[in-house]
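Engineer: Below: one structure in structure tokens.
The values are calculated or read from the model by the stated rules, or taken from the named source; none is laboratory data. Computed from a prediction, not measured in an experiment: that's the story for all the values here. Virtual Cβ from ideal backbone geometry, glycine too; neighbours counted across all protein chains shown. Just the protein is used for accessible areas: all its heavy atoms, side chains included, with ligands, DNA and RNA removed. Shrake-Rupley method; radii C 1.70, N 1.55, O 1.52, S 1.80 Å.
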Amino acid sequence: MNAIQTPLHTEDYDALEVGTTATTASKGSVRVPWRFLGGRALFYAFTLWAAVTINFLLPRLMKGDAVSAYLARNRNISPEAADGLRALLGLDTDKSLFQQYIDYWSLLVRGDLGVSLLHGLRPVTEVISQALPWTIGLVGFATIVSFAIGTIAGAIVGWRRGSRLDAIIPITTFLSTIPYFWLGLLAIALFSVNLRWFPIGKAYGVGWSPELSFEFIGQVIHHGFLPAMTIVIASLGGWVLGMRNMMLTVLDEDYITVAQAKGMTNRRVLWGYAARNAVLPQIQSFALSIGFIVGGTIVMEMVFSYPGVGKLLLDATNAKDYALMQGVFLVITLSVLVANILADVAYAFLDPRTRQTGA
Amino acid sequence: MTLLEFDSVTKVYSVRGAGQIKALDDVSFTLESGQTIGVVGQSGSGKSTIAKILTQLETATSGEVRLDGRPIPRHGSGLRRYRQQLRMVFQDPFASLNPYHSVRHHIERPLRLDQVVPRDELKAEVRRLLERVQLPISAADRRPHELSGGQRQRVAIARALASRPKILVADEPVSMLDVSIRLGVLNLLSDLQREEGLGVLYITHDLATARHFSNEIIVLNQGRIVERGTADDVILRPSHPYTQELRAASPDPEKFFASISDAEGGAR
Amino acid sequence: MSNALLSVQNFSVIYDVDPPVQAVTKIDFELRRGEILGLAGESGCGKTTLAYGIQRLLKAPAVITSGSVVFHDASGDDIDISGLGVEDMRQFRWDKISMVFQGAMNALNPVATIGSQLEDVFEVHRPNMSKAQRREAVVELLDIVKVGGQRRRSFPHELSGGMRQRVMIAMALALRPQLMVMDEPTTALDVLVQREILRQISDLRDEFGFSVIFITHDLPLLLEISDRIAIMREGEIVELATAERIWNNPQDEYTKKLLSSFPRLTGEKGLVKR
Amino acid sequence: MTAPLNIITRSTARSRFGAAFAMFRNRKSITGLSILGFFVLVAIFADVLAPYSPTKVDPTARFQAPSFEHWLGTTHIGEDVLSQVIHGTRGVIVVGFLAAIIATLIAIIVGVISGYLSGWRSEALSALTNVFLVIPGLPLIIIVASMFDNPPLFVIAAVLGLIGWAWGARVLRAQTMSLRNRDFIQAARANGEPLRRIIAVEMLPNLMALIAASFVGTVTAAILGLTTLSYIGVIPVTTYNWGTILNWASAQGAFRQNQWWWYLPPGLCIAAIGVALSLINFGIDEYVNPRLRSAGERARAMKKKGLNINDAVTAVRTNTTTKETR
């Protein structure tokens, strides 16, 4: 027998520490998950680049050009003016594609998105900045409310599985299979036309202009209620179902049994242990569905003639106002990215595991 | 005659955020046909890495593995021929069989892949292999979830034997099985080894079965071989402090009760 | 009878599915104060059902169909566990009987610090303790199990398997219960860590005097640490005797079979006797 | 001896065939498939089923409420709404399935490859998937569609498919990653199985349920997308589908004049097909994750026996005295 005598470092196999992944910094300030957030930031930068590039390529991949299409329907514009428009839109054909791309970026960095043909050649940024707050207010508010209600309801439905609350699932699922716009149209037909509880469309009454008064805010709430409600109702189902399914998975985990063996009250087990863990994947899917939801809900603005970017986009589409369309798409993408970043930050702070390799 | 040479193999993994980890550090051993070598060590000692390198699921960072004096071919038919001669039995019989496929599929695949027998003898060969691992022929058309853990592990052994290998690598083959059937599976392995003259590498954390079923034992700690020798020498007369510690930590009721009765006898 | 801690009589559990499964059948045994009772058997033999059932931790469809479980409290009161209501049961748990679970990996809430999970126990069961007292108690507990009080702000994923199991033991110890039920507490751990933990359990038992019901399929291990061992098979206890008698003079055929399933570590090469 | 063996092989062939469809063999899936099948039949036999041509104008019967001649009434120029709905089914079904086929194919290719590979290639494909997830799809489709003067249906389907594959790819990637590390895949690799066989024979069968779920999900999304685009008017209103009917109804003020026969049926049809698809997906979900099914059904079954699955305390039911907790 030939035992190999290697010098034995006692700390090498300290029974306590073998396999440990303990981090050293365990006391003091909150650890910021830089690695996780850094990785996400990189991803968002990439997504932004992709969106901008898609935006740049779209009108250039099409047969003919936007200006010709526009001119075809507006015959009273002179050829000189048309050339001017092309230059404004960055569609000069004598430049190389790469040069156009560079120009596009440099304009973008300066916040220049071109001018809107539909809105009397006003800068696109100006047109969008008037519409954006309405959309962010309406869609943002409705999405967050829907997420919160859906998640809480899903937690309760999952916890009390087998009870009469299970009926919530098919109901909310049915509501989420209906197209948003039809739900909106029905709501108008029922609550505005027949019952006259709510105004038909618009963000505030005719003759008003935005101001900071209780009356005006009342107007906004009155006008915004129906569109917001329809968004909430239509998107609730996904959150309820997602959270409920996640709860069912989490409820089988050992730490739930441990919590009950510890004599915790049901309330504490439900919210402190089960829901607290089930909400994590829910937030991740929230982040990823924002794009889908926002995309879907902008149609809502057309139904309610709501003066947000969705309506702007549809009007621009009808008028083939490419600069405005591109601008709106870019802004929507940007807002979705920002919402994603916020969701990621929330996730990072709710899940300590993302802090694993943090400083 | 030397069959398998594991020659100063080092394996380094780079782990994100943790730098580089040496899973194996200059490990050498040889395995001959008809011989069983037990590799013991705690989790993280690198014993599974040896299995992965032998089956070429991983490649060694440095060092060489030779079968019959020839290094493992990198790819192509050479690698296939090497793999045909060295097969593995995995730890978890619940995970190592594809839930979608029948037992027959699992055993037939290596037969077809390595063209062990002509097509028209496939059925007979499957039957022979099932008999070899003491399973009824009716098991062939079952799917894994219809079998018990012990039966599944027998299927896994039959699959490993199908290509008529010279070497079997068994990575903790019984640790997931019920206590009372463990010996049955281990005895089956050792019978097969004797009858077919296989070289077996038995990877385990259990010193008692390692001693029982191996000719030689290698003790691995943190990727390094700290002790090796005949099974009885290593277990009964461990010379390295780490092996001694492992020995002391393993339950040994025989010695335990002997010492109690000694103590009582002394007190009386 | 003063040294009995738990009297289990004619205890049966079924899983009320179609058709109903009899998991534990007419079990009688008595657990003494301060003893370590080993519960051995193979998977599906009912050992876990029994250990969870006596503290009524089994979820539906499990139903206790017969028998009584009486806990002889140190105060002199006899508590009939089968008769406790939901709220009484909740308060009884952990205070009198605590548990150490199998996978320490999953037994801790991954998103809460170990300190807060330990404090939970005091918040629920000792509402009069102040925040500072709770913290102090947590630090003390973590020191007792040699994890170290400074670790209380760590999350479970930051600890090794052995450390987590120590945290679970600290948690089980928190209210100084009279009985600890341990469900395969060391199965997932390496042999060296396992030995450390076992030593610690045994030291703590000597110090605090609680009884232990220790569930495992690893009979050699059980023989070394238990005072008495119950061998279970198909929902029944086939043999209950001191560890030494099980080793030297097993009566039941199944016990003999189990014993002979383990090769010897030392001594003559071959199987463990018989 | 050969005869019984033949029987065995035939029965396994059948059972394997059955196994492939096991995910659809539950009440929810069957109900969903039946509703879907109904719409598919309507789409196929639209010409036979529709009482009138969808474009047949009848100036004498404008804005008529449902009657014996026009079961679902008429439009502003006297077209038969029922015939329009029946003919509209075709576009919806064709676009929905075409888009889902395209999206699922992309999802399988990207998802399985990025799940099986590791390192930067996997990360790159994953990043690409996430980009498609994050970028708002509908506005993009609106812009793309508006650039065609008269986009044919298959272009719409292709665009919907190109934009809708990301969810499926993401789910498939995650599952492939977990399968890749499963021992049976490692065993296949160690046996020297070629990569394409590992993916096609060892992995894909285990991914079938997820692929089906992602297919069904994409059909839903594509149908919602198509009807939304048609309602907006991006898709020429001369091709009939439920969205264009709603576009006309809305433009002609049907919603303000309570002409419910005009705007309710197409919307309800969309909802019905959506419910059918969700039912199929519920069925698949419960097949993939039996916990979901058992949770509800088992809890109700136990309730009948007087047990509550949420009780943290085991119930006691002795034969002599029925002591129930609570």
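Engineer: Given A:V309, A:V328, A:V303, A:V336, which one is farther than 26 Å from D:N150 by Cα and either modelled with pLDDT of 85 or more or open to solvent by less than 10 Å² (accessible area, probe 1.4 Å) (or both)?
Structural biologist: A:V336
Engineer: For region D:106-124, give me the residue count where each residue is touching a residue at least 24 places away in the same chain (Cβ under 8 Å), among the aliphatic types (A, V, I, L, M) and surrounded by fewer than 21 Cβ atoms within 10 Å (Cβ to Cβ).
Structural biologist: Of the residues in region D:106-124, 1 are touching a residue at least 24 places away in the same chain (Cβ under 8 Å), among the aliphatic types (A, V, I, L, M) and surrounded by fewer than 21 Cβ atoms within 10 Å (Cβ to Cβ).
Engineer: Let me ask another. When you go through B:E5, B:E64, B:E32 one by one, which is the residue that is more than 10 Å from every other protein chain (Cβ to nearest Cβ), closer than 23 Å to B:L207 by Cα and of a type in the set (D, E)? Give the steps one after another, and end with the answer.
Structural biologist: Values: B:E5 fails: closer than 23 Å to B:L207 by Cα; B:E64 fails: closer than 23 Å to B:L207 by Cα.
Every option except B:E32 fails the conditions.
Engineer: For region C:115-148, give me each residue that is within 22 Å of the chain's Cα centre (by Cα), of a type in the set (D, E, K, R) and within 12 Å of chain A (Cβ to nearest Cβ).
Structural biologist: C:E119, C:D120, C:K146 - these are the residues of region C:115-148 that are within 22 Å of the chain's Cα centre (by Cα), of a type in the set (D, E, K, R) and within 12 Å of chain A (Cβ to nearest Cβ).
Engineer: Taking the criterion of being more than 25 Å from A:W182 (Cβ to Cβ) and touching a Ser or Thr at 6+ places or on another chain (Cβ under 7 Å), would at least one residue in region A:278-298 satisfy it?
Structural biologist: yes
Engineer: Given the condition among the β-branched types (V, I, T) and modelled with pLDDT under 90, answer yes or no: does some residue in region C:166-186 qualify?
Structural biologist: If we filter region C:166-186 for residues that are among the β-branched types (V, I, T), which is where we start, we get C:167, C:169, C:181, C:186.
Right, trim to modelled with pLDDT under 90 and you get C:186.
Checked against the condition, which is being among the β-branched types (V, I, T) and modelled with pLDDT under 90, region C:166-186 yields at least one hit.
Engineer: Pull out all pairs, ordered by first then second residue, where Cβ-Cβ is under 7 Å, the residues are six or more apart or on different chains, the first lies in region C:75-102 and is open to solvent by 40 Å² or more (accessible area, probe 1.4 Å), and the second is of a type in the set (K, R).
Structural biologist: These pairs meet every condition: C:G83/D:K323; C:V86/D:R326.
Engineer: Scan region B:41-51 and tell me whether some residue there is away from chain A (no Cβ under 14 Å) and in a strand (DSSP E or B).
Structural biologist: No - not one qualifying residue is present in region B:41-51.
Engineer: List every residue pair whose Cβ atoms sit under 6 Å apart, with the two residues 6 or more apart in sequence or on different chains, where the first one lies in region A:253-269 and is under 14 Å from C:E87 (Cβ atoms) and facing chain C (nearest Cβ under 7 Å) and the second, anywhere, is open to solvent by 10 Å² or more (accessible area, probe 1.4 Å) and β-branched (V, I, T).
Structural biologist: The qualifying pairs are A:G263/C:V124; A:M264/C:V124.
Engineer: Now, a different point. Using the structure shown, decide if D:F97 is open to solvent by 20 Å² or more (accessible area, probe 1.4 Å), in contact (Cβ under 8 Å) with a residue 60 or more places away in the chain and on the phi > 0 side of the Ramachandran plot.
Structural biologist: Taking the combined requirement at face value, the residue does not satisfy it.
Engineer: Restricting to region B:230-268, name every residue that is open to solvent by 10 Å² or more (accessible area, probe 1.4 Å), within 11 Å of chain A (Cβ to nearest Cβ) and either more than 18 Å from C:P263 (Cα to Cα) or of a type in the set (A, V, I, L, M, F, W, C) (or both).
Structural biologist: Matches in region B:230-268: B:L236, B:P238, B:S239, B:P241, B:Q244, B:E245.
Engineer: Can you confirm whether D:I223 is open to solvent by less than 20 Å² (accessible area, probe 1.4 Å), of a type in the set (A, V, I, L, M) and free of Cβ contacts under 8 Å to residues at least 60 places away in the same chain?
Structural biologist: no
Engineer: Residues of region C:61-74 being hydrophobic (A, V, I, L, M, F, W, C) and crowded, with 20+ Cβ neighbours inside 10 Å, which ones?
Structural biologist: Listed by number, the residues that qualify are C:A62, C:V63, C:I64, C:V69, C:F71.
Engineer: Sticking with this structure for a sec: Out of region B:1-18, which residues are at pLDDT 65 or above and among the hydrophobic types (A, V, I, L, M, F, W, C)?
Structural biologist: Those that are at pLDDT 65 or above and among the hydrophobic types (A, V, I, L, M, F, W, C): B:L3, B:L4, B:F6, B:V9, B:V12, B:V15.
Engineer: Further question: Which fully enclosed strands (runs of 3 or more DSSP E) of region C:164-274 have 1 or more residues being open to solvent by 20 Å² or more (accessible area, probe 1.4 Å)?
Structural biologist: It comes to C:228-233, C:236-242.
Engineer: Check whether at least one residue in region D:151-162 is more than 30 Å from B:V15 (Cβ to Cβ), touching a helix residue (DSSP H, G or I) at 6+ places or on another chain (Cβ under 9 Å), at the interface with chain A (Cβ under 10 Å from one of its Cβ atoms) and surrounded by fewer than 23 Cβ atoms within 10 Å (Cβ to Cβ), and report yes or no.
Structural biologist: No, region D:151-162 has no match at all.
Engineer: Being outside any loop (DSSP other than H, G, I, E, B) and either open to solvent by 50 Å² or more (accessible area, probe 1.4 Å) or at the interface with chain D (Cβ under 8 Å from one of its Cβ atoms) (or both) is the filter here, so list the residues in region B:77-103 that pass it.
Structural biologist: B:S77, B:L79, B:R80, B:R81, B:R83, B:Q84, B:R87, B:M88
Engineer: Next question, about the same structure. Find the helices (runs of 4 or more DSSP H) located wholly in region A:133-220 whose residues include 2 or more that are over 27 Å from A:M302 (Cβ atoms) and within 11 Å of chain D (Cβ to nearest Cβ), and list them. Step through it out loud before you land on a result.
Structural biologist: On the way: elements: A:141-159, A:168-177, A:180-187.
By residue number, A:141-159, A:168-177.
Engineer: Another question, then. If I go through region B:175-197 residue by residue, how many of them are within 13 Å of another protein chain (Cβ to nearest Cβ), outside any helix (DSSP H, G or I) and either open to solvent by 30 Å² or more (accessible area, probe 1.4 Å) or at pLDDT 90 or above (or both)?
Structural biologist: 3
Engineer: Output the number of the condition that C:A112 fails; it satisfies all remaining conditions of (1) more than 7 Å from chain A (Cβ to nearest Cβ); (2) among the small types (G, A, S); (3) crowded, with 23+ Cβ neighbours inside 10 Å.
Structural biologist: (3)
Engineer: If you go through region D:44-88, how many residues are on the phi > 0 side of the Ramachandran plot and either open to solvent by less than 10 Å² (accessible area, probe 1.4 Å) or modelled with pLDDT of 75 or more (or both)?
Structural biologist: 2
Engineer: OK, next. Determine, yes or no, whether D:I141 is assigned to a helix (DSSP H, G or I), within 12 Å of chain A (Cβ to nearest Cβ), in contact (Cβ under 8 Å) with a residue 60 or more places away in the chain and not polar (S, T, N, Q).
Structural biologist: Here the answer is yes, as D:I141 does meet what is asked.
Engineer: Can you confirm whether C:F29 is open to solvent by less than 30 Å² (accessible area, probe 1.4 Å), in contact with a Ser or Thr (Cβ under 9 Å, 6 or more places away or on another chain) and touching a residue at least 60 places away in the same chain (Cβ under 8 Å)?
Structural biologist: Judged against the criteria, C:F29 is a match.
Engineer: Among (1) open to solvent by 40 Å² or more (accessible area, probe 1.4 Å); (2) more than 11 Å from chain A (Cβ to nearest Cβ); (3) within 24 Å of the chain's Cα centre (by Cα), which single condition is D:W167 missing?
Structural biologist: (2)
Engineer: So which helices (runs of 4 or more DSSP H) are wholly in region D:221-310 and hold at least 2 residues that are over 30 Å from D:Q64 (Cβ atoms)?
Structural biologist: Details: elements: D:242-251, D:260-288, D:290-304.
So the answer is D:260-288, D:290-304.
Engineer: Sort out which residues of region C:252-274 are touching a strand residue (DSSP E or B) at 6+ places or on another chain (Cβ under 6 Å) and modelled with pLDDT of 90 or more, and write them in order of number.
Structural biologist: Of everything in region C:252-274, those that are touching a strand residue (DSSP E or B) at 6+ places or on another chain (Cβ under 6 Å) and modelled with pLDDT of 90 or more turn out to be C:D252, C:Y254, C:T255.
Engineer: Filtering region C:149-159 down to residues that are open to solvent by less than 10 Å² (accessible area, probe 1.4 Å) and either closer than 25 Å to C:G209 by Cβ or free of Cβ contacts under 8 Å to residues at least 24 places away in the same chain (or both), which residue is nearest to the other protein chains (Cβ to nearest Cβ)? It would help to see each step written out before you state the result.
Structural biologist: Here is the first cut: in region C:149-159, the residues open to solvent by less than 10 Å² (accessible area, probe 1.4 Å) are C:149, C:154, C:156, C:158-159.
From the residues that got through so far, the ones that are either closer than 25 Å to C:G209 by Cβ or free of Cβ contacts under 8 Å to residues at least 24 places away in the same chain (or both) too are C:149, C:158.
Details: C:G149: 11, C:E158: 5 Å.
So, considering only residues that are open to solvent by less than 10 Å² (accessible area, probe 1.4 Å) and either closer than 25 Å to C:G209 by Cβ or free of Cβ contacts under 8 Å to residues at least 24 places away in the same chain (or both), the one nearest to the other protein chains (Cβ to nearest Cβ) is C:E158.
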